[in-house]
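Read the structure below first, then the notes.
The values are calculated or read from the model by the stated rules, or taken from the named source; none is laboratory data. This structure is a prediction, so every number in the text was calculated from the model and none was measured. Here Cβ is always computed from backbone atoms with ideal geometry, including for glycine, and neighbour counts include all displayed protein chains. The protein model used for the area step is the full one, side chains on, heavy atoms only, and it has no ligands, DNA or RNA in it. Shrake-Rupley method; radii C 1.70, N 1.55, O 1.52, S 1.80 Å.
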Amino acid sequence: MKEVNKNFIYNILYQVFIYIIPLITTPYISRVLGANNIGIYSYTYSIVSYFMLAGLLGINNLGSRSIAQTNSLNDREKLSYKFTSIYLLQFILCVIMLVLYLIFSIFVFQDYRTIFFIQTIFLVSTMFDINWLYFGLENFKVTISRNIIIKLLSLVLIFMFVKQEQDLWIYTLIMSLSTLLSQLYLWLFVKKYVSFVKVKWQDLLANLKQALILFIPVIAYSIYRVMDKTMLGAMSGTTELGYYENAEKIINIPISFITAIGTVLLPHMSKNKKIQSKKYTDQMKNSIRLSLTLIIPMMFGLLAIANDFAIVFFGEEFVKSGNIILLLVPCILFSAISNIIRTSYLIPQEKDGIYVKSTIYGAVLNLIFNLIFIPQFQAYGACIGTIIAEFTVMFYQCIKVKKEINLREILSPIFSYLIKGVIMCFIVILVGQFIPTISLRLFLQVITGIFIWIAMNISFIEEFFGRQRKKA
């Protein structure tokens, strides 16, 4: 458990770091490029991301789970065979997707062709993406250290070279190349853990079958995490998408912490999937408590400051982003619950059917509600579809696992955390009533919220760091 907590800390600190970078660059980029260019970037990236998803084909989850299970045997030969068989499949798929994307870029995507071509680098980066190897080995230091270096480099380059609206292509080039470099960096350490070996085609096909099963929820999930942007850009224009894109960047900050916890849980629970149910329940309950400790203050903090934050952070042009943030806040809690269930139980226990069906149902509903509401309400309509999709995924997973795990006990801390969040939110709003200057008000509200939340949760924080272990 101590090692798992250490991995949690590594990943959470890393998530804090990588979101400090956007906190620095986003206000600058929003003002330099404007809502329309940000919408163009988001729209073109949403297209290339489908090809990236098809290239990876659920391999991230399959690879992490398979490596974790194989690594528990401490057999380098078997580990190398498993790695080679999975990576060879990934490489073949990525080459196919790269060819298809280039064809589409030439003959289908007439608008923003330059940006579409530059986005090709993102697709190339998926060809070398072996994060799943290190996640399966529970070695998070390597992935964290490389990303810190690359993120800092991209930060410097953005401020050096992105100076005006016409520099959208430069911004896209910096973002895509930094992603490619971060993937290539991991290959410097591969020989320490595995070697390339000759594999049988039947094993390759077996991996393909498993990857296809895990790919169904991945592509379904992308419908309500990416398709909303594609549909919004196509049906309402890139300016409206720019408002939505910036709002989602802020919502993704707490969601990224949830993802960090899931990244640690998946290989750990896969390797120890036969442990006693009581230990399993305790681990999941601790994960929920950690998730809530991180995301509840962010949720209620955003409810208190969203409108001021959008103006100060993005600029006057992005006032609408504040309202979008308010609408999307519930998705944070829905995502936290479904993520813990998925990464600590469904995937490790190979109950992929529940995971698949939940995301399909969410995706279908999202698509339907997007078609209904985006034409009428634009970005707000996309919010409606996303909220319904996230709730559906969480609700279905909870219903399906409640007979197999003690869900009531696992989710029992939620109510008390919500009460604390309401109290913190009320005090933060109250503090804001006495400060007329918007930037000073925002700063003091954030500081107040942080101190109140730490004071209300100091016992769990001490326990998590191992300072409060002895209880009768």
Completion exercise
Charge dipole of the chain built from unit charges on the beta carbon (Lys, Arg +1; Asp, Glu -1), centred at mean Cα; most positive-end Cα among Leu294, Val99, Tyr50 is Leu294
Exercise for the section: Quick one: of Lys285/Lys402; Lys229/Lys357; Lys141/Lys191; Lys78/Lys351; Lys82/Lys191, which pairs are farther than 18 Å apart, Cα to Cα? Expected result: Lys229/Lys357; Lys78/Lys351
Completion exercise
With the 1.4 Å probe rolled over protein heavy atoms, the chain has an accessible area per residue in Å² of 44 Å²
Handout entry: Selected from Tyr243, Ala35, Phe189, residue furthest toward positive end of dipole (the chain; charges at beta carbon)
Key = Phe189
Exercise for the section: Using packing as a proxy for protection, rank 157-167, 388-398 so that the peptide with the highest average count of other Cβ atoms within 10 Å comes first. Expected result: 388-398, 157-167
Handout entry: Selection from Asn370, Ala336, Leu407 lying farthest towards where the dipole of the range 328-427 points positive, charges on Cβ
Key = Leu407
Exercise for the section: Using a 1.4 Å probe over the heavy atoms of the protein chains, calculate the carbon and sulfur portion of the accessible area of the range 16-166 as a whole percent. Expected result: 69 percent
Problem - Linear extension gain, Gln166 paired with Ile24, 0.36 nm per residue minus alpha-carbon span - result: 49.1 nm
Practice task
Please work out which option in (1) 68, 67, 42; (2) 78, 57, 43; (3) 69, 62, 44 gives Cα extents along the principal axes in Å calculated from these coordinates, and answer with its label.
Solution key: (1)
Exercise for the section: Could you size up the charge dipole of the range 316-453 around its Cα centre, putting +1 on the beta carbon of Lys and Arg and -1 on that of Asp and Glu, and report it in debye to the nearest 20? Expected result: 340 debye
Problem - Mean Cβ count within 10 Å, highest first, over the residues of peptides 364-370, 46-52 - result: 46-52, 364-370
Problem - Alpha-carbon centroids, the range 315-393 and the range 45-60: separation in whole Å - result: 19 Å
Exercise for the section: Work out the length of the dipole vector of the range 142-246 about its Cα centre, built from +1 on the beta-carbon of each Lys and Arg and -1 on the beta-carbon of each Asp and Glu, and round it to the nearest 20 debye. Expected result: 740 debye
Handout entry: Distance between modelled label sites at Glu409 and Leu326, nm, 7 Å Cα→Cβ extension
Key = 4.1 nm
Handout entry: Difference of contour (0.36 nm per residue) and Cα-Cα distance, Gln202 to Asn307
Key = 32.2 nm
